[in-house]
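**Student:** Input: one structure, supplied below.
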Amino acid sequence: MRKNYKLDTLCVQAGYSPKSGEARIPPISQSTTYFYPKTQEMADLFDLKSNGYFYSRLANPTVAAFEGKVAALEGGVCGIGCASGMSATSLSVFTVAGSGDNILSSSAVYGGTYNLFSTTLPKLGIECRFFDPDAPAEEIEKLIDGKTKMIFTETVANPAIVVLDFEKIAKIANKRGVLFAVDNTLATPVLCRPKEWGAHLVIHSSSKYLDGHAAALGGVIVDLGNFNFKGNKRYPSFNEPDESYHGLVYADLPVAFGTKCRAQMMRDFGAIMSPQNGFISYIGSDTLALRMERHSSNAKKVAAYLKNHPKIEWINHPSLPDNKYHKLAMKYMPDGQGGMMSFGIKGTAAECAKFMEALQLITQETHVADVRSCVLHPASTTHRQLSEEDLKAAGVPHNLIRLSVGIENPDDIIADLEQALEKL
Ligand code: PLP
């Protein structure tokens, strides 16, 4: 595929090109294994001397079509389809870090990621040092030492809707030779391309906008091919032979991170995307560019409506000129700021419940970022164990409602909010 196609073209065309007489869209290769008549062909595959499939725990043609599309959208050299966004994040960390190492992470990350980093990684000997994404560069840089293997961030944090200052983090990462990873789930490459702002690795929960229909769990890791592991003393596991893979030195390969992640981590953890989910995600992402445009324009209208409503105490969407992250959003996501927002109604948790139960079109769900508008009240669901004080500290007041704006007609979304607010 030519390299200079625009993003909306890549959404439809990248990742799969049929040969004469083959299916126009990627068929579901529902097979664990692959046939080769010649022993040497198989041996060459195992030695990574040729490309091909031998076992679906490592690679599968349907999943490869989706991986190729996401890699093309992000401008990367390799995509790795995972069973979920969480497995994509886990495998990314394990590819670079082991016991005794540490990573840095923005404190404004998805709750599941926060748990993985704050609770599970330390049990495996990997420390996570959290930083306030709004902190000055020097303060963040101070957390880096010789054992720091990654700086992890989110383009638009879920649920805090914090927009990342890419250039600040890229400067630190490049100065110290540390891999800069970005979870680009809520922006998608349609609204923001982290590679253009200095990131080295992109992670997606494709369960969200990429699939877009709440139909398939998945994750994708994209190696952007712009980080030099060769000779970087921070990464001995890339510069020393991997005895578990015929003495391969990953830093010598054209795709260092992607090859290590697949050959070592996917082999050992086996958290690959299923062919069925690869197919659903591939088809879903055909319309990503159209959908992100609509999610963003709908959300902008909904945010402007809520901003002026007398029963709304506050509203957080970066499209609003007085939003704390508006300037950053205009710099990094000028064509649309996505469909996620949070707002506080003037009232108690009980009134939040009354409001949400009165909604007729918008449904209550733990999911976000698909075609259907949905809401969640974190204080009584994801954060229900926390006291009033802890809720405040977590930035989740009792009156916070998270709204994921879908692609329905914006007038219908606003009318539904209006009639539910009238009931308060
Ligand atoms: N990253 C972000 C920003 C998310 O919102 C989520 C899930 O909500 C994840 C990662 C985890 O993805 P998954 O649910 O596919 O494991």
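The values are calculated or read from the model by the stated rules, or taken from the named source; none is laboratory data. What you see is a predicted model, and the numbers here were worked out from it, not measured in a lab. Cβ placement follows ideal geometry from the backbone for every residue including glycine, while neighbour counts extend to all protein chains displayed. Quick note on the areas: whole protein, heavy atoms, side chains included, nothing else; ligands and nucleic acids left out. Shrake-Rupley method; radii C 1.70, N 1.55, O 1.52, S 1.80 Å.
**Student:** Under a straight-distance cross-link criterion of Cα-Cα below 19 Å, which lysines are reachable from LYS392, leaving out those fewer than 8 residues away in the same chain?
**Tutor:** Once the sequence-local lysines are set aside, what remains near LYS392 is LYS324, LYS346.
**Student:** Take the alpha-carbon centre of region 62-86, take the same for region 309-371, and report the distance between them in whole Å.
**Tutor:** Region 62-86 and region 309-371 have Cα centres separated by 29 Å.
**Student:** In percent, how large is the relative contact order of region 55-116, given Cα pairs closer than 8 Å and 6 or more residues apart? Kindly include the intermediate steps, with their values, before the conclusion.
**Tutor:** Numbers: 23 pairs, mean separation 13.5, N = 62.
That works out to 22 percent.
**Student:** May I ask you to evaluate 6.51 cos²θ - 1.76 cosθ + 1.60, the Karplus curve with θ = phi - 60°, for each residue of region 366-381 and list the ³J(HN,Hα) values in order in whole Hz, giving x for glycine and proline?
**Tutor:** 7, 7, 9, 6, 10, 4, 8, 5, 8, 10, 8, 10, x, 4, 9, 10
**Student:** In a GNM of the chain with a 10 Å cut-off on Cα contacts, which of ALA303, ALA215, ALA271 has the highest mean-square fluctuation?
**Tutor:** Largest GNM mean-square fluctuation: ALA215.
**Student:** For the chain, take the convex hull of the Cα atoms, compute a quarter of its surface area, and give me that in nm², please. Mind dumping the intermediate values first?
**Tutor:** Details: hull surface 84.5 nm².
With the hull built on Cα positions only, its mean projection is 21.1 nm².
**Student:** Taking amide H positions as placed in the peptide plane 1.01 Å from N, state which residues far from LYS346 in sequence (5 or more) or on other chains have amide H under 5 Å from it.
**Tutor:** Hits under the 5 Å cutoff: ILE312, GLU313.
**Student:** Here's something else I'd like to know. Sticking with the crude label model, points 7 Å out along Cα→Cβ, report the distance from ARG372 to LEU124 in nm, one decimal please.
**Tutor:** 3.4 nm
**Student:** Computed FRET efficiency, Cβ-Cβ of ASP242 and LEU361, R0 56 Å: what is it to the nearest 0.05?
**Tutor:** E between ASP242 and LEU361, to the nearest 0.05, is 0.60.
**Student:** Would you mind telling me the share, in percent, of accessible area of region 214-318 contributed by carbon and sulfur at probe 1.4 angstrom?
**Tutor:** Carbon and sulfur atoms account for 56 percent of the accessible area of region 214-318.
**Student:** Find the relative contact order for the chain and round it to a whole percent, using C-alpha pairs within less than 8 Å whose residues are 6+ positions apart.
**Tutor:** Values: 836 pairs, mean separation 68.3, N = 424.
Computed over the chain, the figure is 16 percent.
**Student:** Starting from the amide H of HIS367, placed 1.01 Å from N in the peptide plane, find each other amide H under 5 Å away whose residue is 5 or more places distant or on another chain.
**Tutor:** Long-range HN contacts for HIS367: none found.
**Student:** Could I ask something else about it? Run the helix sum for the chain: -39,500 (n - 2.57) per DSSP H stretch of 4+ residues, divided by residue count, reported at 222 nm to the nearest 500 deg cm²/dmol.
**Tutor:** When only DSSP H runs of four or more count, the value is -9500 deg cm²/dmol.
**Student:** I've got another one for you. Taking a probe of 1.4 Å, how large is the accessible area per residue of the chain, in Å²?
**Tutor:** Using a 1.4 Å probe on heavy atoms only, each residue of the chain averages 43 Å².
**Student:** To the nearest 0.05, how large is the calculated FRET efficiency for HIS326 and ALA215 if R₀ is 41 Å and r is the Cβ-Cβ distance?
**Tutor:** 0.80
**Student:** What full-extension length gain, to one decimal in nm, is calculated for ASP8 and LYS307 as 0.36 nm per residue of separation minus the Cα-Cα distance?
**Tutor:** Computed gain between ASP8 and LYS307 is 104.5 nm.
**Student:** Shifting gears a bit: Which cross-chain or sequence-distant (5 or more) residues have an amide H under 5 Å from the amide H of ARG57, H modelled 1.01 Å from N in plane?
**Tutor:** none
**Student:** What nm value, rounded to one decimal, do you get for the distance between ARG176 and ASP411 when each label is placed 7 Å out toward the C-beta?
**Tutor:** The modelled label-to-label distance comes out at 5.3 nm.
**Student:** How big is the accessible area of ARG57 in square angstrom, nearest 10, if you roll a 1.4 angstrom probe over the protein chains?
**Tutor:** Approximately 90 Å² for this residue.
**Student:** Give the separation of the Cα centroids, region 221-263 to region 187-201, in Å.
**Tutor:** 22 Å
**Student:** Something else about it: Stretched out fully, how many nm does the piece from GLU351 to LYS142 gain, at 0.36 nm a residue minus the Cα gap?
**Tutor:** Full extension of this stretch gives 70.8 nm more.
**Student:** Rounded to the nearest 0.05, what FRET efficiency do TRP314 and THR39 have when you use their Cβ-Cβ distance and R0 = 60 Å?
**Tutor:** 0.35
**Student:** Moving on. May I ask you to list, by number, the DSSP H helices of the chain whose Cα span along the axis is at least 27 Å and whose average Kyte-Doolittle hydropathy reaches -0.5 or more?
**Tutor:** For the chain, where a helix must reach 27 Å along its axis and average at least -0.5, the hits are 288-307.
**Student:** Please identify the longest segment of the chain free of exposed GluC sites (Glu not before Pro), where exposed means a DSSP state other than H, G, I, E or B and no more than 16 other Cβ atoms within 10 Å.
**Tutor:** Details: sites that count: GLU22, GLU365, GLU408.
Here the longest run is 23-364.
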